[in-house]
2 protein chains.
Amino acid sequence: VIMSDYFGRLRTAIARVHAVEGVWRTRGEDRLAALTKPVGSLGRLEWIAARLCAIQRSLSPSASPRRIVVFAGDHGVTEEGVSAYPASVTAEMVRNFRRGGAAINVLARAVGADVQVVDVGVRTELEVNASAVSFSSRRVAPGTRNMAHGPAMTEEQLGTAIEVGLDAAETAAADGIALLACGEMGIGNSTSASAITAALARLPAASVTGRGTGISEEVWPRKVDVVTRALRVNKPGRDPLTLLRTVGGFEIAAIVGTYIGSAGHRIAIVGDGFIATAAAWIAAELCPPFLDYWFAGHCSTEPGHRCQLSNLRQEPLLNLDLRLGEGSGAALAMPIIAAAAALLSEMATFDAAHVSRSYEERSDIVSRG
Amino acid sequence: VIMSDYFGRLRTAIARVHAVEGVWRTRGEDRLAALTKPVGSLGRLEWIAARLCAIQRSLSPSASPRRIVVFAGDHGVTEEGVSAYPASVTAEMVRNFRRGGAAINVLARAVGADVQVVDVGVRTELEVNASAVSFSSRRVAPGTRNMAHGPAMTEEQLGTAIEVGLDAAETAAADGIALLACGEMGIGNSTSASAITAALARLPAASVTGRGTGISEEVWPRKVDVVTRALRVNKPGRDPLTLLRTVGGFEIAAIVGTYIGSAGHRIAIVGDGFIATAAAWIAAELCPPFLDYWFAGHCSTEPGHRCQLSNLRQEPLLNLDLRLGEGSGAALAMPIIAAAAALLSEMATFDAAHVSRSYEERSDIVSRG
């Protein structure tokens with residue numbers, strides 16, 4: 001990937017991300033095998049726990065404190081009539097996030113995560129008054145341009161949006177965050193995510209475009225047509241930064257920055273829905289070892305989400321038929337990751353608890369001895 | 001189902017369980033539709049939330065306090081060599097539970113549930129000294145008899161074991177428990193659960209018998225043979241109490257009692273693995289409306305578990321390849337149910353948050369108006 005000067009910080013951040021060391025995963029697995037349960041009986045929880053060992057280079061990895069950063073941005077493509085809601089809802093929902101009344105606020109509280117809301121390009125400027133959750137105004141522009149007619153943003157805007165994400169990762173690292181997720185809000189952004197996914201998967205728009213927040217059967221063909229036109233007009237190919245610039249969104253670019261920046265700080269990341277996973281795919285294209293730090297939180301009902309996850313070779317932790325975004329699926333996956341971490345630190349070993357081993361393990365020990 | 005005098009309290013408990021009222025589910029759905037998210041976008045979380053409304057007859061249902069009751073009992077069938085671990089592990093693990101070092105202790109803490117351990121028939125009598133978690137000794141007998149040669153227990157023993165469970169439900173109700181799960185510990189009990197499942201599903205033993213805590217490929221045919229022999233020797237048919245008595249276990253019977261008793265107190269119940277779900281199936285046979293109060297927590301790797309869940313027409317909340325029991329899968333599902341409850345109490349409505357409705361809902365309102 002060739003990068004212009006606008007991406008200097010991104011280039012540095014990518015260079016900081018190293019694949020985890022297999023030896024830490026093995027050490028984690030050995031530790032798990034010594035705990036009072038049949039070997040492997042906690043299934044994917046053990047797989048998570050061993051991955052956390054490798055991410056944190058520790059046999060007692062932590063999953064606290066945890067944070068969900070919600071990036072909001074508007075999309076010029078909404079003028080094509082591709083959404084179930086008016087574009088004004090982006091700003092209205094940001095106000096709702098700030099007052100603590102949205103689903104992500106409730107879910108984050110329920111799972112012990114804090115929420116940070118970042119305006120990375122909402123159309124209307126938001127009030128800077130006090131809010132119940134952390135809010136920062138980092139507006140790149142009042143929404144992207146309509147990708148059906150040309151690039152959604154300039155290269156400079158893209159660089160800036162990614163840096164907003166890199167900054168969020170720096171803040172998370174400074175705050176000692178162990179488990180991080182990104183959420184998004186942006187009416188029109190499932191159209192962007194569909195375009196990114198169609199291009200990366202080399203599939204026709206129709207097979208990865210869904211109903212978003214709930215468009216009718218009548219509106220769906222129009223959305224498919226807009227995705228197809230956006231890819232035809234912009235000809236982004238499969239280059240990740242060109243895709244982000246031409247058919248992406250400010251919030252999607254900010255998530256890419258947060259993901260890569262967080263991986264560089266060895267922070268475990270929980271993936272969210274279709275839009276955030278489009279960002280994960282871009283991040284993986286830019287920086288393959290990033291995926292060592294990323295857990296697929298859930299699979300939504302958007303048809304393109306399953307396609308993204310299978311291309312990334314990730315099995316989601318949850319399948320709850322969600323289609324909200326905001327970080328909701330990632331929030332719900334956090335307790336599972338936290339539980340996996342707790343096993344390593346808190347469970348007794350067979351030896352310490354004087355629990356007998358299985359017949360098979362005993363014969364293994366005898367034959368090894 | 002005809003019941004002898006040993007089942008007087010069970011009969012009363014069954015009569016207390018009423019199907020939930022559909023009107024409360026509808027009220028819950030209406031409330032969910034007014035909250036600031038696209039209608040239905042929280043998928044199964046909304047389905048859980050509406051079910052909780054119906055269980056608790058409230059639009060702000062609670063999922064706290066929560067509890068996991070772990071019943072332990074030994075199985076005479078272990079003398080057939082059907083387990084990966086020696087039978088002494090049942091008692092050893094009960095000591096581990098009491099010291100707080102087992103997986104279920106860690107997972108319960110992680111999800112904010114308390115743990116109660118009940119000895120309903122461990123072979124060796126356990127010390128009555130202090131323990132880190134609540135422990136009660138309610139031993140029906142020092143383990144069941146070998147079901148491969150005849151009934152696992154007498155009718156009186158079965159009645160007593162069920163009453164231990166009914167007592168646990170009474171205690172939970174007195175303690176105001178909103179969300180309850182049962183776990184189990186009993187070397188040999190997956191052989192019991194396989195026999196119950198084969199009989200209820202009218203399937204050959206081989207198709208519902210798995211590796212339990214991890215028997216080898218060589219031992220598996222012996223386990224299948226023992227299940228087949230137990231059903232041939234005892235001829236239990238499909239009568240739920242006869243099945244429990246002849247091929248069940250004390251801990252499985254206690255779970256049946258806890259499930260039915262808790263449903264009678266309108267406590268939401270989270271199902272666990274293969275053994276606990278055998279108890280759920282028995283409970284549903286004895287008392288069909290019980291299922292209105294029961295959430296399938298997860299699906300394990302035991303082949304018979306998927307069979308049980310599909311017969312009960314339940315989709316599990318989690319698929320994490322667990323095969324531990326103890327209540328571990330139920331514990332991991334609790335945060336999802338708690339999150340669903342929190343949405344109803346804590347999310348803002350469209351009107352209160354001044355968020356615009358979708359175009360479709362607005363035209364619905366216009367056309368209805």
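The values are calculated or read from the model by the stated rules, or taken from the named source; none is laboratory data. Note that the coordinates shown come from a computational prediction; the quantities given were computed from them, not determined experimentally. Cβ coordinates were reconstructed from backbone atoms using ideal geometry, including for glycine residues, and neighbour counts include every protein chain displayed. Quick note on the areas: whole protein, heavy atoms, side chains included, nothing else; ligands and nucleic acids left out. Shrake-Rupley method; radii C 1.70, N 1.55, O 1.52, S 1.80 Å.
Take B:ASP351 and tell me if it is touching a residue at least 60 places away in the same chain (Cβ under 8 Å), out of contact with any strand residue (DSSP E or B) (no Cβ under 9 Å at 6 or more places or on another chain) and surrounded by fewer than 18 Cβ atoms within 10 Å (Cβ to Cβ). Against the criterion (touching a residue at least 60 places away in the same chain (Cβ under 8 Å), out of contact with any strand residue (DSSP E or B) (no Cβ under 9 Å at 6 or more places or on another chain) and surrounded by fewer than 18 Cβ atoms within 10 Å (Cβ to Cβ)), B:ASP351 qualifies.
Would you confirm whether or not region B:311-319 contains a residue that is part of a loop (DSSP other than H, G, I, E, B) and among the hydrophobic types (A, V, I, L, M, F, W, C)? Spell out the reasoning first.
Applying the first criterion (part of a loop (DSSP other than H, G, I, E, B)) to region B:311-319 yields B:312-317, B:319.
Restricting the remaining residues to those that are among the hydrophobic types (A, V, I, L, M, F, W, C) gives B:312, B:317.
Yes.
Please go through region B:344-360 and give me each residue that is facing chain A (nearest Cβ under 7 Å) and either assigned to a loop (DSSP other than H, G, I, E, B) or in contact with a helix residue (DSSP H, G or I) (Cβ under 9 Å, 6 or more places away or on another chain) (or both), ordered by number. Of everything in region B:344-360, those that are facing chain A (nearest Cβ under 7 Å) and either assigned to a loop (DSSP other than H, G, I, E, B) or in contact with a helix residue (DSSP H, G or I) (Cβ under 9 Å, 6 or more places away or on another chain) (or both) turn out to be B:GLU346, B:MET347, B:ALA348, B:ALA353, B:HIS354, B:VAL355, B:SER356, B:SER358.
Within region A:90-99, the residues that satisfy the criterion of being buried (at least 24 other Cβ atoms within 10 Å of the Cβ) and facing another protein chain (nearest Cβ under 9 Å) are A:MET93, A:ASN96. Take the residues in region A:106-135 that are among the β-branched types (Val, Ile, Thr) and part of a helix (DSSP H, G or I), then tell me which one is nearest to the other protein chains (Cβ to nearest Cβ). Of everything passing the filter in region A:106-135, A:VAL106 is nearest to the other protein chains (Cβ to nearest Cβ). Listed by first and then second residue, the pairs with beta-carbon distance under 7 Å, at least 6 apart or on different chains, first residue in region B:229-244 and under 9 Å from B:ALA199 (Cα atoms), second open to solvent by 10 Å² or more (accessible area, probe 1.4 Å) and in a helix (DSSP H, G or I), are B:LEU231/B:ALA199; B:PRO236/B:ALA199; B:PRO236/B:THR242; B:ARG238/B:ALA199; B:LEU243/B:ALA199. Within region B:50-83, the set of residues being more than 13 Å from every other protein chain (Cβ to nearest Cβ), in a loop (DSSP other than H, G, I, E, B) and more than 24 Å from B:MET334 (Cα to Cα) comprises B:ASP74, B:HIS75. Report whether or not A:GLU285 is at the interface with chain B (Cβ under 10 Å from one of its Cβ atoms), assigned to a helix (DSSP H, G or I) and open to solvent by 10 Å² or more (accessible area, probe 1.4 Å). Here the answer is no, as A:GLU285 does not meet what is asked.
Restricting attention to region A:288-303, the residues being under 19 Å from A:GLY212 (Cβ atoms), surrounded by fewer than 23 Cβ atoms within 10 Å (Cβ to Cβ) and either of a type outside the set (S, T, N, Q) or within 12 Å of the chain's Cα centre (by Cα) (or both) number 1. Looking across B:ARG323, B:ARG306, one residue alone is more than 14 Å from chain A (Cβ to nearest Cβ), open to solvent by 10 Å² or more (accessible area, probe 1.4 Å) and closer than 25 Å to A:HIS298 by Cβ. It is B:ARG306. Scanning region A:197-216 for residues that are away from chain B (no Cβ under 14 Å) and within 14 Å of A:GLY273 (Cα to Cα) yields A:THR197, A:VAL208, A:THR209. Taking region A:84-105 as the search range and keeping residues that are part of a helix (DSSP H, G or I) and touching a Gly at 6+ places or on another chain (Cβ under 6 Å), which one is nearest to B:ALA348 (Cα to Cα)? Out of the qualifying residues, it is A:ILE104. For the criterion of being assigned to a helix (DSSP H, G or I), away from chain B (no Cβ under 14 Å), open to solvent by 10 Å² or more (accessible area, probe 1.4 Å) and among the hydroxyl-bearing types (Ser, Thr, Tyr), A:SER363 fails. Only residues that are in contact (Cβ under 8 Å) with a residue 24 or more places away in the chain, away from chain A (no Cβ under 14 Å) and not β-branched (Val, Ile, Thr) were counted across region B:16-49, and they come to 9.
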